[in-house]
Amino acid sequence: MSGYRNARKSSRRRSSVTSASVNDPIDIARSFARDVVAPNAARWELERALPRQAVTEAARAGLGGLLAPRSLGGAGLGTSALADVMATLAAADLAFAFVLVVHNNLVGAIARRGSAAQHEQLAAMIAGERLGAFLLTEPGGGSDAANITTVARPDAHGWVLDGEKAWITAATHADVLAVYAQTQPGSGARGIAAFLLDADRPGVERTEPYAMLGGHAMGAGGFRFTGAAAGPEELFVPAGEGFRAAMEGIDAARAVVAAMCCAMLQTALDAAVAHTSGRAAFGRTIADFQGVQWALADVATDLAAAGHLARAAAEAVEHHHPDATVAAAHAKKFATRVAMTGITQCMQVMGADGLRHEHPLARHLAGVKIAQYLDGATEIQNVVIARRLFTRNGTTPPATR
Ligand SMILES: Cc1cc2nc3c(=O)[nH]c(=O)nc-3n(C[C@H](O)[C@H](O)[C@H](O)COP(=O)(O)OP(=O)(O)OC[C@H]3O[C@@H](n4cnc5c(N)ncnc54)[C@H](O)[C@@H]3O)c2cc1C
């Protein structure tokens, strides 16, 4: 079997340090995916709600503080191991896994950048008692993130926030909000700061969650800020560093999303091989037809290539390689693309059975479509890649996210 799973195994053989720190969370994720996520994901989607209790259980099992160092109560993993864990969960359901991706990224960011007072929030987050969310996108747009319009004005007590955030994972249930806001309107990326706010404070209101193609277990929705007060101690990332901090997290998230798409495609390919091997037409099993074999062979090739790109991107981000941003863009663009075409192909060789909810393929197809927007749409990955291409050739790069 090819793809991310094999790329992952060979990478773990290369690094005994990574292997030692990864074993437990991977085992936990495998059992949790098998026992909790796979049997319930179709129901969660029908109920159209984030399964808060299951998220707490996952955190209690050890999946709530993967990126925080052990000294702060976390598992001390890096981006590669996080990608392994989240791919293992996404093989059953991307929506559930992505809630944990966002939560873990915020826990890791607080551990890395937060003040001693902010570190006090970590224990409850790592235990899953308080859920984190990342608030960058706004109703006016997500791609042009340097031009956010949520404003943070300084006042005698700290800051006052006004504005609206949209398309926020876990918005329906999040307790700890990392809110990106403009402190000097008109200054673009230079004026962006981030604040850590409680979701239940006066002036913070959840907006209606979205009805979507799928992925309702993500609890995607928004927040409105109307004169919401933030004390000086709630400033998380100061102006001048906020945009860069958001983009650093986004590189890692893109590598993780790529790995998650590979995992969904692997699930689809396994289902298609099993189904076509057990079903007959015209006096033969469907898997005996060369047309079917070759269609799935092409999916396997795409999966192998995407798996290597995802692995390379996660390692580049983890080791702060200068090409990490471009590697993450390549991996996310390619993995989402081949997962979209590959899952469709797997469904096709399964005939009408491929549409049924007994198989996760339809859910994964919706998951991959969602993944094409998460942490920057496909076109924005091309903006990143083209910027590097033209910079290397000495021409002026286009200025976008
Ligand atoms: C389910 C879900 C969960 C999400 N969770 C979060 C979250 O937790 N936190 C958060 O902050 N955001 C989140 N997002 C938002 C996500 O990051 C945005 O959807 C994404 O950045 C794209 O922004 P947009 O949807 O506003 O599209 P727009 O910015 O309106 O873009 C529309 C289209 O134009 C294209 N486009 C834009 N600029 C260019 C360009 N320069 N060149 C070529 N094409 C371009 C885009 O690629 C896209 O295809 C989530 C989105 C979804 C769907």
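The values are calculated or read from the model by the stated rules, or taken from the named source; none is laboratory data. The shown structure was predicted, so the numbers you read here are calculated from the model rather than taken from an experiment. Cβ: placed from backbone, ideal geometry, glycine included. Neighbour counts: every protein chain shown. Areas reflect the complete protein model, heavy atoms only, side chains present, ligands, DNA and RNA absent. Shrake-Rupley method; radii C 1.70, N 1.55, O 1.52, S 1.80 Å.
Ordered from largest to smallest accessible area (heavy atoms of protein chains, 1.4 Å probe), the residues 187, 143 come out as 143, 187.
Computed over segment 243-392, the Cα gyration tensor eigenvalues convert (square root of 5λ each) into semi-axes of 34, 14, 11 Å, ordered from largest to smallest.
In this structure residue 390 has an accessible area near 100 Å², from a 1.4 Å probe over the protein heavy atoms. In the chain, taking the dipole from charged Cβ atoms about the Cα centre, the farthest positive-side position among 389, 157, 64 is held by 389. Across segment 254-263, rounded Karplus estimates of 3J(HN,Hα) from the backbone phi angles (6.51 cos²θ - 1.76 cosθ + 1.60, θ = phi - 60°) give 5, 5, 5, 4, 4, 4, 5, 5, 4, 5 Hz, Gly and Pro being marked x. Within 10 Å of each candidate Cβ there may be at most 16 other Cβ atoms; applying that plus a DSSP loop requirement, which GluC sites (Glu not before Pro) in segment 111-180 survive? The qualifying sites are 120, 129. Positive end of the dipole of the chain (Cβ unit charges, origin at the Cα centre): among 99, 38, 177, the Cα lying farthest that way belongs to 38. Relative to the dominant Cα principal axis of the chain, helix 324-349 is inclined by about 40°. Toward the positive end of the charge dipole of segment 232-306, with +1 on the Cβ of Lys and Arg and -1 on the Cβ of Asp and Glu, the farthest Cα among 300, 278, 267 is that of 278. Charges were assigned to the Cβ only: +1 to each Lys and Arg, -1 to each Asp and Glu. The resulting dipole of the chain about its Cα centre is roughly 1000 debye.
From the square roots a ≥ b ≥ c of the eigenvalues of the alpha-carbon gyration tensor of segment 67-225, which class results: rounded (a/c under 1.5), prolate (a/b over b/c), or oblate? In terms of gyration-tensor shape, oblate. Looking at the chain, the accessible area is 42 square angstrom per residue; that uses a 1.4 Å probe and ignores ligands, DNA and RNA. Residue 122 contributes an accessible area of around 0 Å² to the protein surface, as traced by a 1.4 Å probe with all chains present. For segment 39-47, putting each phi into the Karplus relation 6.51 cos²θ - 1.76 cosθ + 1.60 with θ = phi - 60° gives couplings of x, 10, 4, 5, 5, 4, 5, 5, 6 Hz, in residue order, rounded to whole numbers and with x for Gly and Pro.
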